[in-house]
Every structure is written in structure tokens, then in C-alpha cells.
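Notes follow once the structure below has been shown.
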Amino acid sequence: MTMPLVLAHRGASAYAPENTLAAFRLARELGADGIELDVQLCQDRVPVVIHDDTVDRTTDGKGRVSDLTIGEIAQLDAGGWKTEDYRGEPIPTLAQVFDALSDWLHPVGRARPCFINVELKTERVFTDGLEREALNVIARYGVQRNILLSSFSALSLYRAKQINARLARGFLYDASMPIYLRGAWTRWLASPQALHPEHSMIDARYMEWARRKKLQVNTWTVDDPDTARRLASLGVNAIITNKPDVIRDALK
Ligand code: G3P
Ligand code: MG
């Protein structure tokens, strides 16, 4: 059995505030192979790392990410809601993540470089420029080989492919989606190398089907050791988890 990669979902987000540099650094300390993060554009088109389309849940501010300038976003506290220890932790830009993780992205010696699963958070039919701006940052930092793009939007992955077809793409979907999306039929548009199903969708039949299609399977969000072992024995390529330490130990 090949050990799946362990990717920390929004960083080690069970313990540190999601999608912050603190959560990404902690993921590394806890032995993750990489991280998953969510990216969207703020008002002045800077790719920023945050999950929701508003800042309300995870910061001390209010408003839609797309209505806030980078200056306004930089003032927000994205850590205090989790615990007092993290008060003052900012919302990072995608570029700040690459800066902060530079020696994990490009390690010296034989250490393995980290994977960064950049989830393009958009449902737009017509783009706001997210794909172009995010891929510009990726190119500027020379981290193409560390990156796995993903999205629930086949259109967004299609646009990313038009900009740089060599970046790996994963198509996200889950069982709660409408039936016409649950079958991942729009994947032809994304032409992904990997599928990213929610973990309850995976069984031996699913894996056999994915193998026939020559698609890797990266799954989320798995914090339970038994579930992780079941998925590993079925042959998934990566497990995305809020608790990278727990899943790593479960797979030893
Ligand atoms: O990439 C896996 C997972 O992050 C997808 O869902 O809502 O947590 O971004 P969400
Ligand atoms: Mg995500």
C-alpha cells in the first residue's frame, strides 16, 4: 500500500485559525506533506487566502471579500476568533504564503518539497480575473511544480488551463451537490488529472472507475483515523485533513 499524501485543510485548522500563516506553519511542524488553501480576489484584484465570500466568520471585520481593498483586508484580525493566542494573525495574500513557506517549497538536500493545493474559490460564470491573478503569483514565485489547483467550478479550472495547461488540476465535488453535478460530468471542461470527491463518495467501485479513467483521487475532509486507513487501503493519492498529525499517525 502506498502511503497517501497528507495535506492540511486550510492549514492545521483544527488547532490554528484556518487559512493563516500560523496554520500553514503548524501543518509543517505536524508532519503534513503540504497544505490546502482557498483563494479569491479582493477589490483591487489581489489573490487573498480566505474560505468564505465574506470576512464575517473568521475575522473581526464585516463585508464581502470582493468589496474590500487589500489595505482594509490587511487590518483585519483573522486569528482572535480561534483563540487569544492567535489574536492579530492576518489574512495572508497568496504571495505572502509563498514567501512564508519558501524553504518548504524549495527545500535543500533530500527533503521533499511541499504540495500546495490552491483551491480557486469562485462560482462565477464570467471571471473576475481570479485565475489569471493567482497563476501570475504562482509563476512569479516559480512554484508551479508544488501546485495542485482545484475548484468546484469546472469553468474556473477550464480558464486556468487556458492560461497554463501544465499546472495540475483537481475537480472538487461532493454528494450534497445537485444530481447533475454529483456525477462530475462537467469534468470534461476542466480536464483534470485528479478528482477531489468528498470522502463518503469513495468505495472500491469508485476507485476502480477512477483508475480506468486514469484519474488520481484526492479526498477531503478526513479527520478520523479509521476512515483514513480505509481510504489509504483503497488507494487514494492524497487525504486532506484538519488534523495532519492524527492522520499521519493513523497511516504509519
Ligand atoms: O479542497 C477540499 C475542501 O477544501 C473543499 O471544500 O469548502 O472546505 O473549501 P471547502
Ligand atoms: Mg477549500
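A short reminder: the numbers here are calculations on the coordinates, not readings from a lab. In this text, all values refer to a predicted model and were calculated from it rather than measured experimentally. Here the Cβ is made from the backbone with ideal geometry for all residues, glycine too, and neighbour counts use every protein chain on show.
So here's what we get for this one:
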| read-out | value |
| --- | --- |
| Tabulated pairs, the stretch 36-54, first without any contact (Cβ under 8 Å) to a residue 24 or more places away in the chain, second within 10 Å of ligand 2 (Cβ to nearest atom) and in a strand (DSSP E or B), C-beta under 9 angstrom, 6+ apart or interchain | Asp52/Asp38 |
| Residues within the stretch 33-72 that are surrounded by fewer than 17 Cβ atoms within 10 Å (Cβ to Cβ), within 16 Å of ligand 2 (Cβ to nearest atom) and under 29 Å from Asp103 (Cα atoms), tallied | 1 |
| Check on Val137, surrounded by fewer than 21 Cβ atoms within 10 Å (Cβ to Cβ), β-branched (Val, Ile, Thr), away from ligand 1 (no atom under 16 Å from the Cβ) and closer than 19 Å to Arg28 by Cα | no |
| Residue ID - nearest to Thr93 (Cα to Cα), chosen from residues in the stretch 140-180 that are among the basic types (Lys, Arg) and surrounded by fewer than 18 Cβ atoms within 10 Å (Cβ to Cβ) | Arg140 |
